[in-house]
Amino acid sequence: MSDDPLPPLNALQAFEAAGRHESFLYAAAELRVSPGAISRHVRRLERFLGTELFVRRSNGVTLTSAGNRYARKVTRIVRDLRRATAEVREPASPA
């Protein structure tokens, strides 16, 4: 567990995509990185939080109950961040 107040943002992005897809492979394709990079980011986040977020099996991954709770909250935050970014990026309306 870390004393930092926020987890690594790249790890959060990787976790959010992997949680949505319940797949490191699909998350990697979405983020244009290797599945190994997703796995490393998720492990880093798990170490930061001090809990496992995924159950890893030979045929894929599933969220743990803690991972599921965290994924719901992180997904909402990422969605809000995307919306806020889009609002700022929109061209200003004529006054």
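Summary table below
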| quantity | calculated |
| --- | --- |
| Residue within the stretch 22-35 that is in contact with a strand residue (DSSP E or B) (Cβ under 8 Å, 6 or more places away or on another chain) and among the acidic types (Asp, Glu) present | yes |
| Checklist (1) modelled with pLDDT under 95; (2) in a helix (DSSP H, G or I) applied to Pro91, failing item | (2) |
| Glu16 being open to solvent by less than 40 Å² (accessible area, probe 1.4 Å), under 14 Å from Asn68 (Cα atoms), in contact with a helix residue (DSSP H, G or I) (Cβ under 7 Å, 6 or more places away or on another chain) and among the charged types (D, E, K, R) | yes |
| Matching residues in the stretch 57-76 - criterion: being open to solvent by 70 Å² or more (accessible area, probe 1.4 Å) and modelled with pLDDT under 95 | Arg57, Ser58, Asn59 |
| Residue within the stretch 35-42 that is of a type in the set (D, E, K, R), free of Cβ contacts under 8 Å to residues at least 12 places away in the same chain and surrounded by fewer than 18 Cβ atoms within 10 Å (Cβ to Cβ) present | yes |
| Among (1) part of a helix (DSSP H, G or I); (2) among the hydroxyl-bearing types (Ser, Thr, Tyr); (3) without any contact (Cβ under 8 Å) to a residue 24 or more places away in the chain - the single one Thr51 does not satisfy | (1) |
| Residue in the stretch 79-92 that is open to solvent by 30 Å² or more (accessible area, probe 1.4 Å), within 12 Å of the chain's Cα centre (by Cα) and of a type outside the set (Phe, Trp, Tyr) present | yes |
| Condition met for Ala71 (outside any loop (DSSP other than H, G, I, E, B), at negative phi and in contact with a strand residue (DSSP E or B) (Cβ under 8 Å, 6 or more places away or on another chain)) | yes |
| Extreme residue, most open to solvent (accessible area, probe 1.4 Å), among residues of the stretch 2-13 that are under 16 Å from Arg82 (Cβ atoms) and among the hydrophobic types (A, V, I, L, M, F, W, C) | Leu9 |
| Within the stretch 19-52, considering residues that are farther than 18 Å from Ala66 by Cα and of a type in the set (Val, Ile, Thr), the one nearest to the chain's Cα centre (by Cα) | Ile38 |
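The values are calculated or read from the model by the stated rules, or taken from the named source; none is laboratory data. Just so we're clear, the structure is a prediction, and the values are computed from it rather than from any experiment. So basically every Cβ, Gly included, is an ideal-geometry build from the backbone, and we count neighbours across all protein chains shown. Please note that ligands, DNA and RNA were not included when accessible areas were found on the heavy atoms of the full protein model with its side chains. Shrake-Rupley method; radii C 1.70, N 1.55, O 1.52, S 1.80 Å.
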